[in-house]
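**Student:** Before anything else, here's the structure in question.
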Amino acid sequence: MIILETKNLSKDFSGLSVIDDLNFSLSRGEKRAIIGPNGAGKTTLLRLLTGELRPSAGDIYYESTKISGWSSHTIARQGIARTFQIVNLFLNLTVEENIRAAAQVNHLWLSWSPSIRQTTETILALIRLDNQSRRPVRELSHGDQRLMEVGVALAQKPKLLLLDEPTAGLSPVETRALTELLHQLRDITIVIVEHDMEVVLALADKITVLHRGQILAEGRPLEIQENKQVQEIYLHKNSLASERSEQ
């Protein structure tokens, strides 16, 4: 069953086409990786899906409802959560307070209710930061802050989780910890924009390769690895590990 799709989606910036007539679909429960060279349009696509940007043309459908043009807050309330390339947390609040604030987002009250408490405790245990729950986030390592970001997104109880280069700047040990966490999320559809091919191969059911705002190739990890066009444009030049952040 399709949870998300775009139809002829385009985004221009001052006449420069970043997403070009894109038709993309995502099945419920799938873990999809989006890869591609710098400027391919990966982050721009995520920003369109979450309502941070409005399409220049085309439409976005989520659970068969047209959401293109909706505000980011309205889209988030439908069950779409996102993490960012740059850590986006309340650094002066504690780990617990950050998770609790996220868990309260879709509630009309701000009380420390039993359901909010249970969600917060569950997420803290899942991201393995329950023993640091009273620490200000600014005191955490970069790797733990990345785990926190995923925890904050999960506290909103999303159906669809969009991850924008979640392992950027992480050590191999921190990368493994985050990958293990994402493996456990079996009831959530995931889209991950990622530069680390080991992470992509470990997580993805399917890979979409973007190039100049269009889909260059799409398929199972082995199919993408063996795709000659992908190898020429991306794989052999970058080893999918030296890519840096894009706009």
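Values in this text are rule-based calculations from the coordinates and carry no lab data. Note that the coordinates shown come from a computational prediction; the quantities given were computed from them, not determined experimentally. So basically every Cβ, Gly included, is an ideal-geometry build from the backbone, and we count neighbours across all protein chains shown.
**Student:** Looking at T50, T94, T74, T65, which is the one that is among the hydroxyl-bearing types (S, T, Y), closer than 30 Å to S133 by Cα and exposed (fewer than 14 other Cβ atoms within 10 Å of the Cβ)?
**Tutor:** Working: T50 fails: exposed (fewer than 14 other Cβ atoms within 10 Å of the Cβ); T94 fails: exposed (fewer than 14 other Cβ atoms within 10 Å of the Cβ); T65 fails: closer than 30 Å to S133 by Cα.
Exactly one of T50, T94, T74, T65 is among the hydroxyl-bearing types (S, T, Y), closer than 30 Å to S133 by Cα and exposed (fewer than 14 other Cβ atoms within 10 Å of the Cβ), namely T74.
**Student:** Oh, and also: Can you name the helices (runs of 4 or more DSSP H) wholly within region 36-110 that have at least 3 residues being under 20 Å from T167 (Cβ atoms)? Steps first, please.
**Tutor:** Details: elements: 42-49, 72-77, 95-103.
Helices (runs of 4 or more DSSP H) meeting the threshold: 42-49.
**Student:** Hey, any hits in region 208-215 for a residue that's farther than 22 Å from P55 by Cα and over 18 Å from the mean Cα position of the chain (by Cα)?
**Tutor:** no
**Student:** State which residue is nearest to T122 (Cα to Cα) when the search covers only region 153-164 and only residues that are of a type in the set (D, E, K, R) and assigned to a loop (DSSP other than H, G, I, E, B).
**Tutor:** Filtering region 153-164 down to residues of a type in the set (D, E, K, R) leaves 157, 159, 164.
Add one more test, that the residue is assigned to a loop (DSSP other than H, G, I, E, B), and what stays is 157, 159.
Numbers: K157: 12, K159: 17 Å.
Once the filter is applied, the top-ranked residue is K157.
**Student:** On to the next question. How many residues does region 214-226 contain that are over 23 Å from L46 (Cβ atoms) and touching a Gly at 6+ places or on another chain (Cβ under 8 Å)?
**Tutor:** Summing the residues that are over 23 Å from L46 (Cβ atoms) and touching a Gly at 6+ places or on another chain (Cβ under 8 Å) in region 214-226 gives 0.
**Student:** Next question, about the same structure. Under 23 Å from V200 (Cα atoms) and surrounded by fewer than 19 Cβ atoms within 10 Å (Cβ to Cβ) - does that describe any residue in region 111-122?
**Tutor:** The first filter runs over region 111-122 and keeps only residues under 23 Å from V200 (Cα atoms), leaving none.
No, every residue in region 111-122 fails to be under 23 Å from V200 (Cα atoms) and surrounded by fewer than 19 Cβ atoms within 10 Å (Cβ to Cβ).
**Student:** Only one of T167, T179 is part of a loop (DSSP other than H, G, I, E, B), surrounded by 15 or more Cβ atoms within 10 Å (Cβ to Cβ) and of a type outside the set (A, V, I, L, M); which? Before you say what the answer is, go through the steps one by one.
**Tutor:** Numbers: T179 fails: part of a loop (DSSP other than H, G, I, E, B).
Being part of a loop (DSSP other than H, G, I, E, B), surrounded by 15 or more Cβ atoms within 10 Å (Cβ to Cβ) and of a type outside the set (A, V, I, L, M) holds for just one of T167, T179, which is T167.
**Student:** Continuing with the same structure: Considering only residues that are surrounded by fewer than 17 Cβ atoms within 10 Å (Cβ to Cβ) and closer than 20 Å to Y62 by Cα, which ones fall in region 126-164?
**Tutor:** The one that is surrounded by fewer than 17 Cβ atoms within 10 Å (Cβ to Cβ) and closer than 20 Å to Y62 by Cα: K157.
**Student:** Is region 133-147 home to any residue that is closer than 19 Å to A33 by Cβ and under 11 Å from the mean Cα position of the chain (by Cα)? Let's see the steps before the verdict.
**Tutor:** Our first condition is that a residue be closer than 19 Å to A33 by Cβ; within region 133-147, this holds for 146.
The next check asks that each one be under 11 Å from the mean Cα position of the chain (by Cα); those that pass are none.
The answer is no; no qualifying residue exists.
**Student:** Same structure again: Would you call I19 under 18 Å from the mean Cα position of the chain (by Cα) and farther than 21 Å from K206 by Cα? Working first, answer last.
**Tutor:** Numbers: under 18 Å from the mean Cα position of the chain (by Cα): yes; farther than 21 Å from K206 by Cα: no.
Considered against the rule, which asks whether it is under 18 Å from the mean Cα position of the chain (by Cα) and farther than 21 Å from K206 by Cα, I19 comes out as no.
**Student:** How many residues are under 17 Å from the mean Cα position of the chain (by Cα), farther than 13 Å from V95 by Cβ and without any contact (Cβ under 8 Å) to a residue 60 or more places away in the chain if we restrict to region 148-175?
**Tutor:** Total meeting the criteria: 4.
**Student:** Conditions first: (1) closer than 28 Å to S14 by Cβ; (2) touching a His at 6+ places or on another chain (Cβ under 8 Å); (3) β-branched (V, I, T). V87 passes all but one, so which condition is the exception?
**Tutor:** (1)
**Student:** Also, quick follow-up: With respect to the numbered conditions (1) in contact (Cβ under 8 Å) with a residue 12 or more places away in the chain; (2) more than 16 Å from L160 (Cα to Cα); (3) of a type outside the set (D, E), which one is the sole condition not fulfilled by P114?
**Tutor:** It is condition (1) that P114 fails.
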